[in-house]
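Asker: Take a look at this one; I'll ask things after.
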Amino acid sequence: MAGEESILRAEKIYKNFPVKTNRHLTVRAVSDVSLTIRVGEIYGLVGESGCGKSTLGRVISYLIPPTSGKVWLNDTDLSALPKKELRRQRQNIQMVFQDCLASMDPQQRVGDALTEVLRVHSIGDPAQRMSAVIDIIQQVGLRPEHLFRYPHEFSGGQRQRIGLARALLLHPALMVCDEPVSALDVSIQAQILNLLLDLQQQNHHSYLFIAHDISVVKHISDRIGVMYLGHLVEEAETEELFAHTAHPYTKALLSAVPDISKRHEEERIVLKGDLPSPIHAPSGCVFRTRCPYATAACAEAAPELREIAPGHKAACHLCK
Amino acid sequence: MTSTSEKDLYLLQKQMLQEQRRIKLRRLGRNRVAVIGTLIVLVMAVIAIAAPLIATHDPYAFAVADRLQPPSAQHLFGTDSMGQDVFSRVIYGTRTSMIVGLCVSVSAGVIGTLLGLYASTSKVLDHVLMRLCDGLKAIPSILFAICLMTMLGPDIKNVILSLAITSIPNMARIARSEALVVREQTYVEALRSTGATETRILWLHIAPNIISSIIVQMTFVFASSIIQEAALSFLGAGLPAGAPSWGNILSDGKNFIYKAWWLIVYPGIFTMLSVLGFNLFGDGLRDFFDPTKV
Amino acid sequence: MEEQVILDVKNLSTTFHTERGDYQAVSGVSFQVHRGEILGVVGESGCGKSVTSQSILRLYDERREACYSGEVLLEGRDLLSIPIKEMQRLRGSEISMIFQDALSTLNPVLTIGYQLREPMRIHEKLSRKEADLNAVELLRLVGIPEPEQRMHQYPHELSGGMRQRVMIAIALACRPKLLIADEPTTALDVTIQAQIMALLLSLNRQLHMGVILITHDLAVVAETCSRAVVMYLGQVVEEAPVEELFRHPLHPYTQGLIASVPHLDDPGKEQLHVIPGTVPFLEDIPTGCRFAPRCPYATDQCRREMPQLQEAGSQRVRCWHIRSEGGV
């Protein structure tokens, strides 16, 4: 299904944010992340809050420029493009946000918001735009009369459908979905996940699917990257990742996920302590402060993300 | 989608618009305070427009023989020290106040919004514009207005100009802070991700979202410039002496306060009512504009 | 395991007064909490699970906001009929509550120590010294390292997981008989959630109190609770021991809910089960069974008449089909 051809390549992305109260400190939100998204694939990016997955999503869609590193879309280097050209390229990467209410102009009717996307890129005349919008709104399972309502009049699930419709309008090659279902109830979440899969099968876009819920990511993704404190610590095809989990953090993450068929008494790796601050990241391996297997060597050198099996990469000294 | 359903769609849209408008008006109607404010504002506006029809006398006509008459059928609000009809002068004074209020609030609103919007676009511009505003705000506004008036001379245009200058900094600050809040919203980011230009975002998405607070603020500026105009005239730094204005009538009446209460009471009541009315109206507008409140 | 009943909620209803008129957010909810058990209350947003918990504590203003009916018996005493002064005394001492968002529930300008001492000084009239000693002990109990230093810190200096631990410590300050935890881990990451849930379980065992765990997450219920109540649109639709609930869910809503959660051991990329439609608004509650418009098995009877909660083995279910499918 997913070819080897890549739609997007991110190379050695770093993103630092200055700390407002102290000029000498920086928050290292993303450090040395390289990833490739193939044509027609759903790439799941999973990690806990503060691990930099949303920042990475924004850098990849070039909403914020990386501190260093390059993003290639097809074969264009986004960092080298002039502003105008970059805006044109935006057609190819669209975003779906977690809080869809906040991502819509509250003063604008849904229909206007959707046609505006086309108007921005001067696509079609008003009648064509309208019919494109009506098409898309039905594709995501809403009715044309919904176009005349304001965003706040919709339920959470409906809003997420509108967000999807807006992203789909431009037929992007890549959709970056930032936690698209985490604000929804389970029954609605299932509806949206099914819709995402349906749309992907119809239109064959690629997705970068960012979420903190690993069961959701597993359900939808072809390939998964696990992030911890700004670093990509493991990456593999979904099956492979779950069958041969390599990195201790991924193991702990999987074990912490509550499941209907499990009881709490079962053996579980409960990580001690909290996520360290990205301002003062630990030396060496970033996970060593919470890792049950950490050795002295882990404090000295940062492990590289290297291939431990075909298509399976992990950043850990202990993974052979 | 076929063309027949496009017609249905159009009808549906109309229906929905009407419904939304109905809901909004009903909401406004339920807000009793806002209704009172709106009524006062409307009455004031009618008085200002129809002043020549309502006034019983020429507001400038002297009748020294009839000076300091108490209210009677002939002179509804009595007469002043020069025998001018207070009722007619108060009515014409309403016109003055409304003109001043309208011109000041509109010009301060427009200029303030422009400054605020542009200040929100870049850090450098923000610093320059906001320090200018800080400088203006450092001087108490009424003193500043008096200074300007003494330089420019008593005239309604100059009153408007000096009051507008003193109101712009506040307006610009509010527009800027609102614009900065809106700029941080996810939907601005979402628009950027669809490829919208910064100018488009500024004018089509940020401006409409701050306009409601600006309009609300404009009603408050309206109210305060009524008071300020009265104060300037009262201090002799406003309209030329003799021109019908609430401040002038009050200023004239203060010398006869024990003999002729009507000189103080009627313009006072009008000033108070109109300020109260505009403030209530502003509060009502604020609730009305919030699209998320149902 | 017939343990003593601590809380007996009988036919509790809560009606809110709003501009648009009155609506009933909770209608006729009944359940019991035994000493030493964790009862899960699950449902999607808008099902009335939080309103139920806040009604038990009578947190809504009875003069303006809401009115309650039914009975809430705490060890035989009806909380809904005692004077509000008495209720205030019980809150925090006999029943306490922890909330989802620990940062906004803790006062940002007071130290952790002050906020921990406060309930003890109010309810147990302890001196500052005694309260201090107890507070440190409590922090140790909830697994906070270096408790003496934490006493002087402010809420924003702690991480999300630590704050939630502090909240739990405050709730436990007066050794309550009943602890209500309203989505205690929703705002936390899974690895932290695992820590907090383990803590709640061990505390429940040590202190032998009743716990009501309110959550939208079925998996959390499956792992920690002994019994669970499933709510839909202000009503209890199913109540069962947890093993039974997940092995044989009887109510179509429970079945749908369980099936729509993606599992780690699923093959993946398959269509998830979907409950069609959305939860209706409280203003237009369907007549008959409230789940009927979204239920795949709905019949005319379901749309016409409201089913009652019926016993079915160890479970209680609100569904007309229980007798016909009774053999489950």
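Read the figures in this text as sums done on the coordinates, not as results from a lab. In this text, all values refer to a predicted model and were calculated from it rather than measured experimentally. Backbone-built Cβ (ideal geometry, glycine too); neighbour counts: all protein chains shown.
Asker: Which of the three applies to the protein assembly as shown, rounded, prolate or oblate, going by the alpha-carbon gyration tensor with a ≥ b ≥ c and a/c under 1.5 meaning rounded? Let's see the in-between values first.
Answerer: Numbers: a/c = 1.87, a/b = 1.56, b/c = 1.20.
Judged from the Cα gyration tensor, the protein assembly as shown comes out prolate (a/c at least 1.5, a/b above b/c).
Asker: Continuing with the same structure: Using alpha carbons only, how many angstrom separate the centre of the stretch A:145-170 from the centre of the stretch C:200-232?
Answerer: Here the answer is 36 Å between Cα centres.
Asker: For chain B, with a Gaussian network of springs between Cα atoms less than 10 Å apart, report the residue from B:213, B:122, B:274 with the top mean-square fluctuation.
Answerer: B:122
Asker: Packing-wise, with mean Cβ within 10 Å as the measure, how do B:249-259, C:171-181, B:153-163 rank, highest first?
Answerer: Working: B:249-259: 16.8, C:171-181: 22.3, B:153-163: 19.2.
Going from most to least packed, we get C:171-181, B:153-163, B:249-259.
Asker: Right, here's the next one. Between the helical axis of C:160-172 and the dominant principal axis of chain C, each derived from Cα atoms, what acute angle in degrees is found, rounded to the nearest 10?
Answerer: 80
Asker: I'd like the FRET efficiency for residue C:248 and residue A:20, computed as 1/(1 + (r/R0)^6) with the beta carbon distance as r and R0 of 56 Å, rounded to 0.05.
Answerer: 0.50
Asker: Mind listing which trypsin sites (Lys or Arg not before Pro) in the stretch C:260-325 are in a DSSP loop and have 15 or fewer other Cβ atoms within 10 Å?
Answerer: Working: sites: C:269, C:290, C:294, C:303, C:304, C:316, C:318, C:323; in loops: C:269, C:290, C:323.
Qualifying residues, ordered by number: C:323.
Asker: Another question about this same structure. Order the peptides B:238-247, C:53-62 from the highest to the lowest mean number of other Cβ atoms within 10 Å of their residues. Please report the intermediate quantities before stating the final value.
Answerer: Values: B:238-247: 21.9, C:53-62: 18.1.
Final packing ranking: B:238-247, C:53-62.
Asker: If a paramagnetic tag sat 7 Å from the Cα of residue B:203 along the Cα-Cβ line, which residues of the stretch B:90-117 would have the backbone N under 18 Å from that point?
Answerer: So the set is B:110-117.
Asker: What size of dipole, in debye to the nearest 20, comes out for the stretch A:6-314 about its Cα centre when the only charges are +1 on Lys and Arg C-beta atoms and -1 on Asp and Glu C-beta atoms?
Answerer: Values: 34 positive and 34 negative charges, 191 e Å.
With only Lys, Arg, Asp and Glu charged at Cβ, the dipole is about 920 debye.
Asker: Picking from A:192, A:279, A:134, which is most flexible by a Gaussian network model of chain A using Cα springs under 10 Å?
Answerer: A:279
Asker: Sort out for me the Cα centre separation of the stretch A:204-257 from the stretch C:15-54, rounded to whole Å.
Answerer: 36
Asker: Here is a follow-up. Average partner chain C-beta neighbours within 10 Å, per residue of A:180-188?
Answerer: Details: counts 0, 1, 0, 1, 2, 11, 15, 16, 8.
Mean inter-chain Cβ contacts per residue within 10 Å come to 6.
Asker: May I pose another question? Once you list every other residue whose beta carbon is under 15 Å from the beta carbon of residue A:109, what net charge do they have if Lys and Arg are +1 and Asp and Glu are -1?
Answerer: Details: positive: A:119, A:129, A:143, A:149, A:159, A:166, B:14, B:21, B:24; negative: A:105, A:112, A:116, A:145, A:153, B:19.
Charge balance in the 15 Å sphere: +3.
Asker: Specify the angular offset, from 0 to 90 degrees and rounded to the nearest 10, of the alpha carbon long axis of helix B:156-183 from the longest principal axis of the alpha carbons in chain B.
Answerer: On a 0 to 90 degree scale, this one is about 20.
Asker: Select from B:68, B:97, B:117 the residue farthest towards the positive end of the dipole of the stretch B:61-129; place +1 on Cβ of Lys and Arg, -1 on Cβ of Asp and Glu, and compute about the Cα centre.
Answerer: B:117
Asker: Continuing with the same structure: Along the positive direction of the dipole of the stretch A:6-314 (beta-carbon charges: Lys, Arg +1; Asp, Glu -1; about the Cα centre), which of A:253, A:224, A:110 reaches farthest?
Answerer: With unit charges placed on the Cβ atoms, the residue in question is A:110.
Asker: Measuring from centroid to centroid over Cα atoms, what is the spacing of the stretch C:119-164 and the stretch C:248-271 in Å?
Answerer: Taking the Cα centre of the stretch C:248-271 as reference, the centre of the stretch C:119-164 is 41 Å away.
Asker: If r is the Cβ-Cβ distance from residue B:43 to residue C:284 and R0 is 56 Å, what FRET efficiency results, to the nearest 0.05?
Answerer: Values: r = 42 Å, r/R0 = 0.75.
Approximately 0.85, to the nearest 0.05.
Asker: Separate question: Can you list residues from other chains, or at least 5 along the same chain, whose modelled amide H is less than 5 Å from the amide H of residue A:64?
Answerer: Answer set, sorted by chain and number: A:59.
Asker: Give the residue list of chymotrypsin sites (Phe, Trp or Tyr not before Pro) in the stretch C:182-272 that are DSSP loop and have at most 11 other beta-carbon atoms within 10 angstrom. Provide the component values of the computation, followed by the final result.
Answerer: Values: sites: C:232, C:246, C:253; in loops: none.
Sparse-neighbourhood loop chymotrypsin sites (Phe, Trp or Tyr not before Pro): none present.
Asker: Give me the dipole magnitude in Debye, nearest 20, for the stretch B:99-207 about the Cα centre, with unit charges on the beta carbon: positive for Lys and Arg, negative for Asp and Glu. Can you show the working numbers first?
Answerer: On the way: 9 positive and 7 negative charges, 15 e Å.
Taking the Cα centre of the stretch B:99-207 as origin, the dipole is about 80 debye.
Asker: Given +1 on the Cβ of Lys and Arg, -1 on the Cβ of Asp and Glu, and no further charges, what dipole in debye does the protein assembly as shown carry about its Cα centre, rounded to the nearest 20? Walk me through the numbers before you get to the answer.
Answerer: On the way: 93 positive and 97 negative charges, 491 e Å.
Roughly 2360 debye for the protein assembly as shown.
Asker: Say we join alpha carbon atoms closer than 10 Å with springs in a Gaussian network model of chain B; which of B:234, B:62, B:87 then has the biggest fluctuation?
Answerer: Most flexible of the set in this elastic network: B:62.
Asker: Let me ask something else about it. Counting other Cβ atoms within 10 Å, which trypsin sites (Lys or Arg not before Pro) in the stretch A:1-80 have at most 15 and lie in a DSSP loop? Don't skip to the end; give the middle numbers.
Answerer: Working: sites: A:9, A:12, A:15, A:20, A:23, A:28, A:38, A:53, A:58, A:70; in loops: A:20, A:23.
For trypsin sites (Lys or Arg not before Pro) across the stretch A:1-80 that sit outside H, G, I, E and B with at most 15 neighbouring Cβ atoms in 10 Å, the list reads A:20, A:23.
Asker: Note the angle between two axes, namely the Cα long axis of helix C:112-123 and the longest principal axis of the Cα atoms of chain C, as a number of degrees from 0 to 90, rounded to the nearest 10.
Answerer: For helix C:112-123, the angle is close to 80 degrees.
Asker: With the dipole of chain C worked out from charges on the C-beta (+1 for Lys and Arg, -1 for Asp and Glu) around the Cα centre, which of C:222, C:103, C:256 lies farthest toward the positive end?
Answerer: Of the listed residues, the answer is C:103.
Asker: May I pose another question? For the cross-link pairs A:83/B:123; A:20/A:251; A:70/A:218; A:251/C:269, which exceed 24 Å when the distance is taken from alpha carbon to alpha carbon?
Answerer: Details: A:83/B:123 19 Å; A:20/A:251 35 Å; A:70/A:218 28 Å; A:251/C:269 22 Å.
Over 24 Å Cα-Cα: A:20/A:251; A:70/A:218.
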